[in-house]
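One structure is given below, encoded as structure tokens.
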Amino acid sequence: MELDELDINILRTIQDNSRLSLRQISEKVKASVPTVSHKIADMEDFGVIRGYQTVLDTERLGELSVILTIKARPSDLNSIAERFRNDENVRMLFILSNGRLHMICTFGNSHLINDFVRRLGKIPEIIEYDISNIIHVVKENQRALIIPNLNLVLQCQSCKKEIRDNPVRIKSDRRDYYFCSNACAIAFQEKMEEFRTEPQS
């Protein structure tokens, strides 16, 4: 699915300033408030808009950030990543195509970095790691680049795989659902029907 010009303008506007009201957004993109509201709701449902955050300056808060790259067997990367998924010091976590795990971590004190490194040493799946302190931030933007002709990569509502071909669309409860195949669509409909017929406690 290709995002239209209004979608692009809305995304660009809220990426620049997520504090704007629906009315302010509608004025900037020259569309009605209901249209903007509907577009934003759709993009939230599709997972394009994952949330709205305030951007804080780590260095102004007196915190320290490091970039950490972990080498492991490709088969171990997911399990290692899961260990750090809910760690509050790990602010970004990426699995890379070269068999590495890349993390950006932030700490309130330098001794906490040492504690974190000691934890790494206790994970047997880690072959080696490289850690570097961030000493100066030259540029730090959100990864999403809002450009014309963006295509929306949908996720199958049933099996959760990415939909690469034309999706199967079903409308249910005044909402559109997308699937990678007729089989997934039928499975989803059957689950919805079971849910509707279950006795309410």
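Its relative contact order, with pairs defined as Cα atoms under 8 Å and 6+ residues apart, puts the chain at 20 percent.
Quick one: pull the percentage of alpha-carbon pairs in region 59-133 with a separation above 13 Å. When all Cα pairs of region 59-133 are counted, 64 percent exceed 13 Å.
Volume of the convex hull of region 1-101 (Cα atoms only), normalised per residue: 151 Å³. Coupling constants for region 43-53 follow from the phi torsions by the Karplus curve (6.51 cos²θ - 1.76 cosθ + 1.60, θ = phi - 60°), and in residue order they are 5, 5, 4, 6, x, 5, 9, 8, x, 10, 10 Hz; glycine and proline get x. Amide H contacts under 5 Å for Tyr129: Lys71, restricted to partners 5 or more places along the chain or on a different chain, H placed in the peptide plane at 1.01 Å from N. Per-residue ellipticity at 222 nm computed for the chain from its helices equals -10500 deg cm²/dmol, with DSSP H segments shorter than 4 residues left out and the rest contributing -39,500 (n - 2.57). Where in region 41-60 does the label zone of Gln15 land, with the point 7 angstrom along Cα→C-beta and an amide N cut-off under 12 Å? Once the point is set 7 Å along Cα→Cβ of Gln15, 49 turn out to lie under 12 Å by backbone N, inside region 41-60.
Its convex hull of Cα atoms gives region 114-159 a direction-averaged projected area, equal to a quarter of the hull surface, of 7.6 nm².
Quarter the surface of the alpha carbon convex hull of region 153-201 and you get the mean projected area, 3.8 square nanometres. Length available on full extension from Leu120 to Ser32: 0.36 nm per residue minus the Cα-Cα distance, which gives 26.5 nm. For the chain, the Stokes-Einstein estimate of translational diffusion at 25 °C and a viscosity of 0.890 mPa s comes to 118 µm²/s, using the Kirkwood hydrodynamic radius over alpha-carbon pairs. With the biggest extent put first, the Cα atoms of region 1-54 measure 26, 25, 16 Å across the principal axes.
Throughout, read-outs are computed from the coordinates displayed, never taken from laboratory work. Please read these numbers as outputs of a predicted model, since none were measured by experiment. For neighbour counting, all protein chains shown are included, and Cβ atoms are generated from backbone atoms with ideal geometry for every residue, glycine included.
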